[in-house]
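K.L.:
Quick one: the structure is below, and I'll ask about it shortly.
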Amino acid sequence: MPQKCILVTGSSGFVGQHLLRRLNGSNHRIVAVDKEQPPTFIDEVHYHTIDLSNRPIIDELIADTSPDMIFHLAAQTSVSVSSREPIQDIQDNVTASVSLIQSAVHFSIPRIVFTSTGGAMYGDSSEVPFSESTSVNPQSIYGVSKLAVEHYLRVLTYGTETAVSVVRPGNIYGPEQNHLGEAGVIAIFGARMLSDENVTVFGDGNDTRDYIYVDDVVNILMAAGEKAPDTCLAGTGIETSTNQIFALLASAIGYGQQPIHAPARAGDVRRSALDSDKAGKVWGWTPTTPLSEGIAKTVAWLKTQQ
Ligand SMILES: NC(=O)c1ccc[n+]([C@@H]2O[C@H](COP(=O)([O-])OP(=O)(O)OC[C@H]3O[C@@H](n4cnc5c(N)ncnc54)[C@H](O)[C@@H]3O)[C@@H](O)[C@H]2O)c1
């Protein structure tokens, strides 16, 4: 296969680092863009510390590198931050994305793969599991921003040479997820349990989510770039409650304390699970990592961080 250039935004983040490592195994030239420095560097990757909202600098980078594909992962990723700081969410999720899309279209980049959301795209009134035919009804600013970007992608690329694939993942987890932030319950609970600290559960803990292991997400991103452009959910179809996550982690770690309960947070949906049959049919993707195995791998990594 001739060498291609692949540009990854959000490359210093959790999923971005995993994707960079997967791409690095290919023969391609990899360009990484993030407004933050990466926690670790891969020798062969070309890193750029840029805010995507800076259109002239993004134009310059895209003109210089002429990527065949852009994996657009950069985002403000916390629902609760989006409730507290909606303008920041709109800047990082909407304004920055529109700037990137305009630049990609201007330079006729053949493909954009966008990581949207499955977990925050649907509301409490819809039946679980959600599928691509479920009416979208985001309940958080974060979900609204992701949906807006899906629409901007459709409108701005219409009739152009840029094709778009959209992946809507559930709750992604795995090694290297930030355990000091406000998103990523498995990383946060796991790190606190390993330090024998209190663990706070928002609400009664019966809220459910569809937890999808990061390697499975990298697999669907690769498929979304290689196969025909489309929009697909990426989940296991299994609902797991926060209380179940607490119990699984407590058992894996040997944590003896009970959780502390705090009021439910604005923007959080009650139940979520994603039917990913479409991704199987159109992209040949199915998740392969069971939750128990993914949690064991995540706990093993968290132990190395103590
Ligand atoms: N982690 C999940 O559970 C989950 C679930 C569904 C969808 N997603 C989506 O997947 C993608 C990756 O998620 P993640 O968990 O790796 O997030 P992350 O927070 O670990 O990484 C996001 C990265 O984007 C960068 N970024 C934010 N705004 C930027 C800007 N304006 N310019 C340049 N860089 C910017 C941040 O610095 C960060 O390194 C995101 O788009 C997220 O919304 C994540």
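Bear in mind these aren't lab numbers, they're just calculated from the coordinates by the rules spelled out. Owing to the predicted nature of the structure, the values given are computational and were not obtained by experimental measurement. Virtual Cβ from ideal backbone geometry, glycine too; neighbours counted across all protein chains shown.
K.L.:
How big is the charge dipole of region 121-257 about its Cα centre, in debye rounded to the nearest 20, if each Lys and Arg gets +1 on its Cβ and each Asp and Glu gets -1 on its Cβ? Can you show the working numbers first?
P.N.:
Working: 6 positive and 17 negative charges, 38 e Å.
About 180 debye.
K.L.:
Taking amide hydrogens as modeled 1.01 Å from N in the peptide plane, which residues meet the under 5 Å criterion relative to Ile172, leaving out close sequence neighbours?
P.N.:
Close amide H contacts, sequence-distant or interchain: Ile212.
K.L.:
Tabulate in residue order the Karplus-calculated ³J(HN,Hα) for region 112-123, using 6.51 cos²θ - 1.76 cosθ + 1.60 with θ = phi - 60°, rounded to whole Hz; enter x for Gly and Pro.
P.N.:
With the stated coefficients, region 112-123 comes to 10, 10, 10, 8, 8, 9, x, x, 10, 8, 10, x Hz.
K.L.:
Can I ask one more? Using the Karplus curve 6.51 cos²θ - 1.76 cosθ + 1.60 with θ = phi - 60°, what ³J(HN,Hα) values do you get for each residue of region 24-37, in whole Hz, with x for Gly and Pro?
P.N.:
Result, ordered by residue: 5, x, 8, 8, 8, 7, 10, 10, 10, 10, 7, 7, 10, 5 Hz.
K.L.:
Can you tally the net charge around Tyr255? Count Lys and Arg as +1, Asp and Glu as -1, for every other residue whose Cβ sits under 12 Å from the Cβ of Tyr255.
P.N.:
Working: positive: Arg192; negative: Asp196, Glu197.
With Lys, Arg at +1 and Asp, Glu at -1, the neighbours total -1.
K.L.:
Same structure again: Filter the GluC sites (Glu not before Pro) in region 190-240 to those in DSSP coil with at most 13 other Cβ atoms within 10 Å of their Cβ, and list the result.
P.N.:
Details: sites: Glu197, Glu226, Glu239; in loops: Glu197, Glu239.
Answer by residue number: Glu197.
K.L.:
Percent of alpha carbon pairs in the chain separated by more than 24 Å?
P.N.:
Details: 23752 of 46665 pairs.
Result: 51 percent of Cα pairs exceed 24 Å.
K.L.:
Quick one: net charge of Asp92's neighbours, Cβ under 11 Å, K/R +1, D/E -1?
P.N.:
On the way: positive: Lys35; negative: Asp51, Glu85, Asp89.
Result for the neighbourhood of Asp92: -2.
K.L.:
Could you give the size of the charge dipole of region 11-96 about its Cα centre, using +1 on the Cβ of each K and R and -1 on the Cβ of each D and E, expressed in debye and rounded to the nearest 20? Write down the numbers at each step before the final one.
P.N.:
On the way: 6 positive and 12 negative charges, 52 e Å.
Dipole about the Cα centre, nearest 20: 240 debye.
K.L.:
Shape call for region 104-189 from the C-alpha gyration tensor, a ≥ b ≥ c root eigenvalues: rounded (a/c under 1.5), prolate (a/b greater than b/c) or oblate? Before the final figure, lay out the partial values.
P.N.:
Details: a/c = 2.50, a/b = 1.45, b/c = 1.73.
Oblate, because a/c is 1.5 or more while a/b does not exceed b/c.
K.L.:
About the Cα centre, and with charges only on the beta carbon of Lys, Arg (+1) and Asp, Glu (-1), how big is the dipole of region 217-291? Nearest 20 debye, please.
P.N.:
Working: 6 positive and 6 negative charges, 24 e Å.
Dipole size: approximately 120 debye.
K.L.:
Label region 48-150 by shape, choosing from rounded, prolate and oblate, from the square roots a ≥ b ≥ c of the eigenvalues of the Cα gyration tensor; if a/c is under 1.5 it is rounded, and otherwise prolate applies when a/b is larger than b/c, oblate when it is not.
P.N.:
Details: a/c = 3.15, a/b = 1.72, b/c = 1.84.
Oblate, because a/c is 1.5 or more while a/b does not exceed b/c.
K.L.:
Still on this structure, please answer the following. Would you check the chain for Lys pairs whose C-alpha atoms are within less than 27 Å, ignoring same-chain pairs closer than 8 in sequence, and give me the count?
P.N.:
9
K.L.:
Also, quick follow-up: If you stretched the chain out fully between Asp124 and Glu36, how much longer would it get, using 0.36 nm times the residue separation minus the C-alpha to C-alpha distance?
P.N.:
Working: separation 88, 0.36 × 88 = 31.68 nm, distance 3.45 nm.
Here the answer is 28.2 nm.
K.L.:
Let me check I've understood the local charge: for Ser83, count other residues with C-beta under 15 angstrom from its C-beta, Lys and Arg +1, Asp and Glu -1. What total comes out?
P.N.:
On the way: positive: Arg84, Lys146, Arg265; negative: Glu85, Asp89, Asp92, Glu182, Asp268.
Net local charge, Ser83 excluded: -2.
K.L.:
Hey, what do the phi angles of region 58-64 turn into as Karplus ³J(HN,Hα) couplings, whole Hz, using 6.51/-1.76/1.60 and θ = phi - 60°, x for Gly and Pro?
P.N.:
Result, ordered by residue: 5, 4, 4, 5, 5, 5, 5 Hz.
K.L.:
Could you list which residues have their amide H under 5 Å from that of Val166, counting only those 5 or more apart in sequence or on another chain, with H placed in the peptide plane?
P.N.:
Here Phe114, Asp230, Thr231, Cys232 satisfy the definition.
K.L.:
Cα centroids of region 82-142 and region 174-251: how far apart, whole angstrom?
P.N.:
A separation of 19 Å, based on Cα centres.
K.L.:
5 Å is the cut-off here: which amide hydrogens, built 1.01 Å from N in the peptide plane, fall below it relative to Gln76, excluding neighbours closer than 5 in sequence?
P.N.:
Asn93
K.L.:
Ordered by packing density, taken as the mean number of other Cβ atoms within 10 Å over each peptide's residues, highest first, how do 261-268, 105-112, 209-216 rank?
P.N.:
Values: 261-268: 13.9, 105-112: 18.1, 209-216: 24.1.
Most protected by this proxy first, the peptides run 209-216, 105-112, 261-268.
K.L.:
Tell me the label-point distance for the pair Ser241, Ile87, using the 7 Å Cα-to-Cβ offset, in nm and rounded to one decimal.
P.N.:
My value for the distance between the label points is 4.1 nm.
K.L.:
Which is farthest toward the positive dipole end of the chain among Gly25, Ala262, Gln244, measuring Cα position about the Cα centre, with Cβ charges +1 (Lys, Arg) and -1 (Asp, Glu)?
P.N.:
It is Gly25.
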